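Working notes for the structure below.
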Amino acid sequence: MPQPISPLAISAFTATSAVGRGLEGHRQALQDARSGLRANDFSQVALACWVGRVEGLEEAPLPVALAAWECRNNRLAWLGLNQDGFLDAVRSVRERYGASRVALLLGTSTASIGATEEAYRRLDPDGGFPQDMLRRPIHTPHSLAGFVAEALALEGPCLTVSTACSSSAKVFASAERMIRLGLVDAAVVGGVDTLCESVLFGFNALELVSRAPCRPFDRARDGISIGEAAGFALLERVDAAPRALRLLGYGEASDAHHMSTPHPEGLGAEIALHDALARAGIEPARVDYINLHGTASLKNDEVEAALIARAFPPSTRASSTKGFTGHTLGAAGILEAVITLLALDHGLVPGNLGGADPDPACGPQFAWHNEARAVEVALSNSFGFGGNNACLAFARADRRA
């Protein structure tokens, strides 16, 4: 059983997705129960589905100094970094601790593969990439972290985590270990994934994409809606920001049950959940809200609903927010962590948007509509392909003991 950890302060955080740019855009969308999903207008070839597309990326090129990194994914990363004063917050810790004492840990599932797709669509007569696409850094899985490291002028440990949908949740665990071991004094964590043909048609080939807006935990759900997002958080020791929201704990597990189907009893998910509670030093009854992975796929929702029903009392509230943003894949962990932090900050439990006819597996914990209530402790679940699962525990600094 994991031992409790020392909490970390989350001294800054932000997100950009289909529902808006920055914290206020997300808070307002949650408050208004407004979805960012739209009929697919992205793919080169028609595909009947709904997507969570970030408005305006096509008109938001990177600054000239960063143009070598130009691609949709890095554009979204840059747009996300420019929200909520996040660049200034990173500049402050870089000056305080030194560039080599700030880690950068980012999750992604496809990085800038969309640019590589474009290069293959535009091969020159000799079968090579066109001249303007001969930029090696954008054709690697580490493109995102390499770009952000340069953009933020960070020189500490720099890692790309790519564990499917748990990617940008697991970065919090890596950051805690680095800070606890004294390798760094602060860490920028986060994740970015953007829409691309590989993702849209890949998930469609798996018969996981819904033709309608996704309906998490609905009896008639029939698949996911894919979205794109960028999110970032800055972690420090509590004494650096004593009033900030906190990372209380985390759990990670890999049950390796199947390449794409969750374990039928939710084995890995349950291990990750219990390990997060153990590291946070709390009992299930202390959890006020859980942001569920809730993709609207048949098996994922069935397994997760059963896990929540058996592990938590009726007083705990739970919902999926993928009906707002779509499933943002490698960015889902950080996006939903930010939404969970907003719930803590504003006392708003988001309703389970899209779920009109509850699956019978859902227990009394489910919040089908918005609820205004105090949230002192909250969890965020992220369950990926290959049985790669993560759970994060967050809390207000002024929570009751």
Notebook entry, point to check: If you go through the range 50-91, how many residues are open to solvent by less than 40 Å² (accessible area, probe 1.4 Å) and either without any contact (Cβ under 8 Å) to a residue 60 or more places away in the chain or among the β-branched types (Val, Ile, Thr) (or both)?
Noted result: 6
Notebook entry, point to check: Mind checking which residues of the range 1-41 are charged (D, E, K, R) and touching a Leu at 6+ places or on another chain (Cβ under 8 Å)?
Noted result: ARG21, ARG27
Item checked: Hits in the range 343-365 - residues which are assigned to a strand (DSSP E or B) and either open to solvent by less than 10 Å² (accessible area, probe 1.4 Å) or over 26 Å from ARG400 (Cα atoms) (or both) -> VAL349, PRO358
Next item on the list: With the condition kept exactly as written, say whether any residue in the range 23-44 is over 20 Å from the mean Cα position of the chain (by Cα) and surrounded by 22 or more Cβ atoms within 10 Å (Cβ to Cβ).
Entry: no
Notebook entry, point to check: In the range 305-328, how many are open to solvent by 10 Å² or more (accessible area, probe 1.4 Å) and assigned to a helix (DSSP H, G or I)?
Noted result: 4
Checklist line | Evaluation of HIS26 against (1) under 19 Å from GLY330 (Cβ atoms); (2) modelled with pLDDT under 95 (one fails), failing number | finding: (2)
Notebook entry, point to check: Of the residues that sit in the range 300-327 and are under 17 Å from the mean Cα position of the chain (by Cα) and among the hydroxyl-bearing types (Ser, Thr, Tyr), which one is nearest to GLY363 (Cα to Cα)?
Noted result: SER319
Notebook entry, point to check: If ALA153 passes every condition in (1) buried (at least 16 other Cβ atoms within 10 Å of the Cβ); (2) in contact with a helix residue (DSSP H, G or I) (Cβ under 7 Å, 6 or more places away or on another chain); (3) not hydroxyl-bearing (Ser, Thr, Tyr) but one, which one does it miss?
Noted result: (1)
Margin query: If I filter the range 204-213 for residues that are part of a helix (DSSP H, G or I) and on the phi < 0 side of the Ramachandran plot, do I get at least one hit?
Written below: yes
Notebook entry, point to check: Looking at the range 141-181, which of its residues are within 16 Å of the chain's Cα centre (by Cα) and either farther than 20 Å from LEU335 by Cα or among the basic types (Lys, Arg) (or both)?
Noted result: LYS170
Item checked: All positions within the range 32-49 that are more than 25 Å from LEU81 (Cβ to Cβ), touching a residue at least 40 places away in the same chain (Cβ under 8 Å) and in contact with a strand residue (DSSP E or B) (Cβ under 7 Å, 6 or more places away or on another chain) -> ASN40, CYS49
Checklist line | the range 368-400, residues that are in a strand (DSSP E or B), among the aromatic types (Phe, Trp, Tyr) and modelled with pLDDT of 95 or more | finding: PHE394
Item checked: Those residues of the range 247-291 which are modelled with pLDDT of 95 or more, surrounded by fewer than 17 Cβ atoms within 10 Å (Cβ to Cβ) and in a loop (DSSP other than H, G, I, E, B), in sequence order -> GLY281, GLU283
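The values are calculated or read from the model by the stated rules, or taken from the named source; none is laboratory data. Everything quoted here is computed from the prediction, not taken from an experiment. Here Cβ is always computed from backbone atoms with ideal geometry, including for glycine, and neighbour counts include all displayed protein chains. Note: accessible area is taken over every heavy atom of the protein model, side chains too, but ligands, DNA and RNA are not part of it. Shrake-Rupley method; radii C 1.70, N 1.55, O 1.52, S 1.80 Å.
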